[in-house]
Amino acid sequence: MSVSVLGSGAFGTALAISLAGNGPVTLWSRNPDQASQMQQSRENVDRLPGVTLPANITVTAEIEQAVRSDVLLLAVPMQKLRDALNLHAARLSGKVLVACCKGIELSTGLGPVAVIRQTVPDAQPALLTGPSFADDIARGLPTALTLACADVELGEALQQELTTANLRLYRTADTVGAELGGALKNVMAIGCGAAIGAGLGDSARAALITRGFAEMQRFAALRRAQPDTLMGLSGLGDLVLTCSSELSRNYRFGLCLGQKKPFDSTTTVEGVATALAMSEIAASEGLDMPISATVAKLSSGAYSVTDAIQALLGRPLKEE
Ligand SMILES: NC(=O)C1=CN([C@@H]2O[C@H](COP(=O)(O)OP(=O)(O)OC[C@H]3O[C@@H](n4cnc5c(N)ncnc54)[C@H](OP(=O)(O)O)[C@@H]3O)[C@@H](O)[C@H]2O)C=CC1
Ligand SMILES: O=C(CO)COP(=O)(O)O
């Protein structure tokens, strides 16, 4: 199978670099200037500086060239996925589309697989998710991810094709569980960053991770995900990584909130929109999601860290 990556940000570039170890890869950018600059300099100076693109990666802004491949990896932010798919829907028809984004669409409450199904109904959707920083993948450090595909045969084929020397893929048919794990862990990472930034300590972070995971499981049950999926790389694995590392943009955004410092608004922070989407869905379904609701308010500026602490610690006592 030939592979293209649509979206030349940090993650798309890192995936292209890793997959280039298996064979030629086309990396598509929507920006012609960026595409030609990357093609010539062999580096993504804006999003992944310091890593050289292997010679068998072709960077292009020509969508016709990119969609010639059998498998297309979609590495754009979640809130941009629908627009990107709608723009190229006719060309993407019938293709294998592997979403690599993590989030819940704010306007619909849907995850990436459902957005693919709506926008390109005859595509074959799959999802690649799990604990991995773009920089780690690009530098060839060992990483394990989850490949989720409802079509078991296609999932097995994709697992073989997209596994690389340093990127080991596990497989599941539970796309709902896999996409929820990746989406919701970003919300908890913002909360953990805020706690550490405000000097609340590692014990507070451990409490947020654990009770945040309980919320993730509750939300996943509402969406009929398989409970085991949340225990895997796409859920617990990514939660642990993102809540404990300053390489995470969601965590760093939280740190800045906690430290009352400004944060670069051009940085992709998927957890902000997802916290809002999640807390709106939870409220309408009568689901108890206090951390998510608090992170949504903290991220939008409606809560200070002091308000957030009061909101969480002032709740009635309950069984674990
Ligand atoms: N970075 C990481 O470590 C990881 C990221 N992910 C996930 O991957 C997804 C992408 O993140 P990441 O690559 O880091 O983000 P970046 O901010 O680094 O890059 C986003 C890319 O998407 C492009 N883009 C934005 N909107 C559109 C659009 N409408 N059509 C086409 N391209 C578009 C941007 O182009 P332009 O520059 O022109 O705006 C840019 O190239 C996110 O969901 C993230 O959670 C998953 C695992 C790890
Ligand atoms: O998803 C990621 C790690 O698995 C990347 O996290 P950030 O988007 O917070 O940087």
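The values are calculated or read from the model by the stated rules, or taken from the named source; none is laboratory data. Bear in mind the structure is a predicted one, so any value in this text is a computation, not a measurement. Neighbour counts are summed over all protein chains in view; Cβ atoms, including those assigned to glycine, are modelled from backbone coordinates with ideal geometry. Ligands, DNA and RNA are stripped out before the accessible areas are found, and what is left, the full protein with its side chains, is counted by its heavy atoms. Shrake-Rupley method; radii C 1.70, N 1.55, O 1.52, S 1.80 Å.
When Rg and Dmax are taken over the Cα atoms of the range 181-314, they come to 13.5, 39 Å. Among the cysteines of the chain, those whose beta-carbon sits 4.7 Å or more from every other cysteine beta-carbon are Cys100, Cys101, Cys149, Cys256.
Relative to the dominant Cα principal axis of the chain, helix 249-259 is inclined by about 30°. Net charge dipole, the range 181-314: roughly 120 debye, given to the nearest 20, about the Cα centre with Cβ charges of +1 for Lys and Arg and -1 for Asp and Glu.
Under the simplified labelling scheme, the Glu64-Arg218 pair shows an inter-label distance of 5.3 nm, with each label point 7 Å from Cα along Cα→Cβ.
Averaged per residue, the chain has 44 square angstrom of accessible surface, using a 1.4 angstrom probe with ligands and nucleic acids left out. Think of the range 7-164 as a dipole: +1 on every Lys or Arg Cβ, -1 on every Asp or Glu Cβ, centred on the Cα centre; then among Gly111, Asn31, Ala75, Asn31 lies furthest on the positive end. According to the square roots a ≥ b ≥ c of the eigenvalues of the Cα gyration tensor, what is the shape class of the range 124-200, taking rounded for a/c under 1.5, prolate for a/b larger than b/c otherwise, and oblate for the remainder? It is oblate, given that a/c is not under 1.5 and a/b is not larger than b/c. Computed over the range 106-265, the Cα gyration tensor eigenvalues convert (square root of 5λ each) into semi-axes of 28, 18, 15 Å, ordered from largest to smallest. Annotation for the range 261-320 versus the range 5-75: alpha-carbon center distance of 35 Å. With a cut-off of 20 Å on the backbone N, the residues of the range 73-89 near the modelled label site 7 Å out from Asp151 along Cα-Cβ are 73-75, 85-86, 88-89. Close amide H partners of Leu73, meaning residues 5 or more places away or on another chain with modelled amide H under 5 Å apart, are Ser4, Val5, Leu6, Val98. Near Ile57, once Lys and Arg are set to +1 and Asp and Glu to -1 for all other residues with Cβ below 14 Å from its Cβ, the sum equals 0. On the protein heavy atoms, probe 1.4 angstrom, tell me the percent of accessible surface of the chain carried by carbon and sulfur. The value for the chain is 52 percent carbon and sulfur by accessible area. Each Cα pair under 8 Å and six or more residues apart adds its sequence gap; the mean of these over the residue count of the chain is a relative contact order of 15 percent. Near Ala157: Cβ cut-off under 15 Å, other residues only, Lys/Arg at +1 and Asp/Glu at -1. The net charge is -3.
About its Cα centre, the range 197-263 has a charge dipole of approximately 280 debye under the convention of +1 per Lys or Arg Cβ and -1 per Asp or Glu Cβ, with nothing else charged. At 1.4 Å probe size, what's the solvent-accessible area of Leu53? Round to the nearest 10 Å². For Leu53, the solvent-accessible surface is approximately 10 Å². Semi-axes of the equivalent ellipsoid of the range 71-144 are 23, 14, 10 Å, computed as sqrt(5λ) over the eigenvalues of the C-alpha gyration tensor in descending order. For Met231 and Asp33, the FRET efficiency from 1/(1 + (r/R0)^6), where r spans their Cβ atoms and R0 equals 56 Å, is about 0.80.
Legend: P(r) of the chain from all alpha carbon pair distances, 20 Å bins from 0, whole percents, reading 34, 57, 9, 0.
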